[in-house]
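Student: One structure, pasted below without further comment.
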Amino acid sequence: MLLELANIFGRILTIFPLLLAMTLFMGKRSIGEVPIFDFLIFVTLASVTGADLADPSVSHIHTAFAIVVIGFFQKAIAKLSIKKRKFGKFITFEPTVVIRDGQLLVHNLQSIQYSIDNIFQLLRQKDVFDINEVKIGVIEANGELSVQKKPESSSPSIEDLGIKKKSSGISYPIIIEGNFQEEILTELGVTKESIRLRLHNEGIARTESIFLCTINNEGELHLSYTNKDDKYQRIQH
């Protein structure tokens, strides 16, 4: 028993430096972005290393050989992806536009299985608290959200100094997939009846057709529809 534990300890001391060396060899790209192919490489490396550490019957030299081969394989694929753009796109995810002119693109969200909460979280991480400020929002191949703000919502440049910008503040989701968010309505002091009346005045009789409705600090409503062919609307007090 003690001999087996000593064997595992020795494997840890020898296999991790090799694993670290091969990870550094594969480069910063494999750590910083983690596209799908590199993710699979790391899962495989973890499986190979775990089997070697947990099972003393596994040949140590075979594990070391496998790690070296996997590292060189990843390096070769990375170089090929740079030289052959079509091949690079084939082994990873395509960027997906999920927001255009402040409106969520429902079909695109569903195709990549992102929820509204996912998008709002990613927006907050970009210091964007009002979806209406976004001109284009793109989910990149690594799962991160890239945001281009509308000109009036972007940080002013030196040339813009002295120009007063209007900010609509934070927007709050009050209807998600046709359902009123009663906790948010209560916190804002807004009733469902008042929202229904405003929607009715704009010719919207059924909230089921609304994918997302937000309200900002100035009382402006912003609508995204479940049907991508529905008309985009913006309602003001």
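The values are calculated or read from the model by the stated rules, or taken from the named source; none is laboratory data. Just so it is clear, the model here is predicted, and its values are computed rather than measured. For neighbour counting, all protein chains shown are included, and Cβ atoms are generated from backbone atoms with ideal geometry for every residue, glycine included. These accessible areas exclude ligands, DNA and RNA; they are computed on the full protein's heavy atoms, side chains included. Shrake-Rupley method; radii C 1.70, N 1.55, O 1.52, S 1.80 Å.
Student: Quick check: from the Cα gyration tensor, does region 43-121 come out rounded (a/c under 1.5), prolate or oblate?
Tutor: Note, shape of region 43-121 comes out oblate.
Student: Report the full-extension gain for the segment E152 to A21: residue separation times 0.36 nm, less the Cα-Cα distance, to one decimal in nm.
Tutor: Between E152 and A21, full extension yields an extra 42.3 nm.
Student: Please give the FRET efficiency for T186 paired with N217, using the beta carbon to beta carbon distance and R0 = 22 Å, rounded to the nearest 0.05.
Tutor: The value I calculate is 0.85.
Student: Using just the alpha carbons, could you tell me how many Å³ per residue the convex hull of region 98-148 encloses?
Tutor: 64 Å³
Student: While we're looking at this one, here's another question. Stretch S194-L40 to full length: gain in nm at 0.36 nm per residue minus the Cα-Cα span?
Tutor: Value of the extension gain: 50.3 nm.
Student: Tell me, what % of the accessible area of region 72-142 is carbon and sulfur with a 1.4 angstrom probe?
Tutor: 55 percent
Student: Each residue of region 141-151 in order: what ³J(HN,Hα) in whole Hz does its phi give by Karplus 6.51 cos²θ - 1.76 cosθ + 1.60, θ = phi - 60°, with x for Gly and Pro?
Tutor: Values per residue, Gly and Pro as x: 4, 8, x, 7, 9, 9, 10, 10, 7, 5, x Hz.
Student: Expected output is a single nm value to one decimal: the length gained when fully extending between F87 and D127, i.e. 0.36 nm times separation in residues minus the C-alpha distance. What is it?
Tutor: The F87-D127 span can extend by a further 10.9 nm.
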